[in-house]
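Trainee: Quick one: the structure is below, and I'll ask about it shortly.
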Amino acid sequence: MNYIKDGGDFTRDTPGGRNIRFGIREHGMCAILNGISYHGLFRASGATFMVFTDYCRAAIRLAALAKLPNIYIFTHDSIGVGEDGPTHEPVETVSSVRLMPNIDVIRPADPEETAGAFVAAMQRVEGPTLLALTRQTVPILNDIDVNLRREGALRGGYIAKKEKGKLDLIIMSCGSELQHALAAAKELGDGVRVVSLPCFERFDRQPSEYREEVLPDECRKRVAIEAGVTEIWYQYVGLDGKVIGLHQFGLSAPGAEVMKERGIDAQHVIDAAKSL
């Protein structure tokens, strides 16, 4: 639920309220957001669990097609949901929305990237934006400058940790798995760069010079990690790289145990990097 503080509820008796209590009606919610955006006076946003995107898909696709600036604040974005079980644990969902034309999908790694993601969503008026937010506890990445995290989210991708020596390896990630990329880099030596890619679409719209600065073509030794299907990451890791991800559904267990069981951790990044 995303609630506008002091905005009041929209009802028959209080038509000035800014919050609509949709109930558990994901498709209806997103269809109503379209109607509000078509009217043109207000910016509309709605919230639910990420896995319920499938109920919303037709309305979200229409928003992308019609260039409606809706904002979807979808949470519980990975198998880290844990105890809710595999029915509620997105595996293919985030990437399936990334494949849809004219929608920005932003998956931030910590509160500062999330702040940048909200600004990005509000700035974009030529189509919808989906914020894929985690449910589990994640570290605040204070080793990375605050402004860099916020501005990096606005650009869709940035260098979260720069190599100290000659660039030998690039590790990419986003969302709750960026912590594992950073942890792996500490173990792999001075030639490792970590790139945060919270939004593929925004990153791809950056000037070619910036994209080359972040992901230089000359470094082909690359690893990516995300708690989801792997295929879409190969546009960045290339045929020479490896992607740590999921080719199966989640489990019903505490989130940390599910992540460990499915191999979403720093050690798997380290092993993949050493195998290249």
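Read-outs throughout are calculated quantities, based only on the coordinates presented, and are distinct from any laboratory measurement. These figures come from a predicted structure and were not determined experimentally. Here the Cβ is made from the backbone with ideal geometry for all residues, glycine too, and neighbour counts use every protein chain on show.
Trainee: Report the Stokes-Einstein translational diffusion coefficient (µm² s⁻¹, integer) for the stretch 199-252, Rh taken as the Kirkwood radius over Cα pairs, at 10 °C with viscosity 1.306 mPa s.
Mentor: Estimated via Stokes-Einstein, D reaches 127 µm²/s.
Trainee: Continuing with the same structure: Once the other residues with Cβ under 14 Å from the Cβ of residue 251 are scored (Lys, Arg +1; Asp, Glu -1), what is the net sum?
Mentor: Numbers: positive: 260, 262; negative: 83, 84, 89, 257, 261.
Result for the neighbourhood of residue 251: -3.
Trainee: Gaussian network model of the chain, Cα springs within a sub-10 Å range: biggest mean-square fluctuation belongs to which of 66, 266, 184?
Mentor: Its mean-square fluctuation being the largest, the pick is 66.
Trainee: Normalised radius of gyration for the stretch 1-156, please: alpha carbon Rg relative to 2.2 N^0.38 Å, two decimal places.
Mentor: 1.05
Trainee: Next question. As an exercise, use a Förster radius of 25 Å and the Cβ-Cβ distance of residue 164 and residue 274 to find the FRET efficiency, rounded to the nearest 0.05. All intermediate terms of the calculation are to be shown ahead of the outcome.
Mentor: Working: r = 19 Å, r/R0 = 0.75.
Given R0 = 25 Å and the Cβ-Cβ separation, E is 0.85.
Trainee: Now for a different question. Restricting the calculation to Cα positions, tell me the Rg (one decimal) and the Dmax (whole number) of the stretch 102-208 in Å.
Mentor: Calculated on Cα positions, Rg and Dmax stand at 13.6, 42 Å.
Trainee: Now, a different point. Please state the charge dipole magnitude for the stretch 26-275, taken about the Cα centre, from unit charges on C-beta atoms (+1 on K and R, -1 on D and E), reported in debye and rounded to the nearest 20.
Mentor: 460 debye
Trainee: Restricting attention to the chain, give the cysteines that have no other cysteine Cβ less than 4.7 angstrom from their Cβ.
Mentor: 174, 199, 219
Trainee: Under the rule of at least 5 residues apart or a separate chain, name every residue whose amide H is placed under 5 Å from the amide H of residue 220.
Mentor: Close amide H contacts, sequence-distant or interchain: none at all.
Trainee: Check which residues have an amide H placed less than 5 Å from residue 253's amide H, if you skip close sequence neighbours.
Mentor: Residues meeting the criterion, in which the H sits 1.01 Å from N, are 83, 85.
Trainee: For the stretch 25-32, just list the computed ³J(HN,Hα) in residue order, Karplus coefficients 6.51, -1.76 and 1.60, θ = phi - 60°, integers in Hz, with x standing in for Gly and Pro.
Mentor: Once rounded to whole Hz, the list reads 9, 4, 5, x, 4, 5, 5, 5.
Trainee: Test of understanding: express the Cα radius of gyration of the stretch 26-275 as a ratio to 2.2 N^0.38 Å, with N the residue count.
Mentor: In units of the 2.2 N^0.38 Å rule of thumb, it is 0.98.
Trainee: Hey, with R₀ at 30 Å, roughly what FRET efficiency would residue 4 and residue 205 work out to, going by the Cβ-Cβ distance, to 0.05?
Mentor: Approximately 0.55, to the nearest 0.05.
Trainee: Let me ask you something else. Expected output is a single nm value to one decimal: the length gained when fully extending between residue 54 and residue 14, i.e. 0.36 nm times separation in residues minus the C-alpha distance. What is it?
Mentor: 11.2 nm
Trainee: While we're on this one: How much FRET efficiency would the formula 1/(1 + (r/R0)^6) give for residue 22 and residue 212, where r is the Cβ-Cβ distance and R0 is 45 Å, rounded to 0.05? Could the numbers behind the result be given before it?
Mentor: Working: r = 44 Å, r/R0 = 0.97.
E(calc), rounded to 0.05, equals 0.55.
Trainee: Still on this structure, please answer the following. For the residue pair residue 75 and residue 249, what label-to-label distance in nm results when each label sits 7 Å from Cα along the Cα-to-beta-carbon direction?
Mentor: Inter-label distance under the simple model: 2.4 nm.
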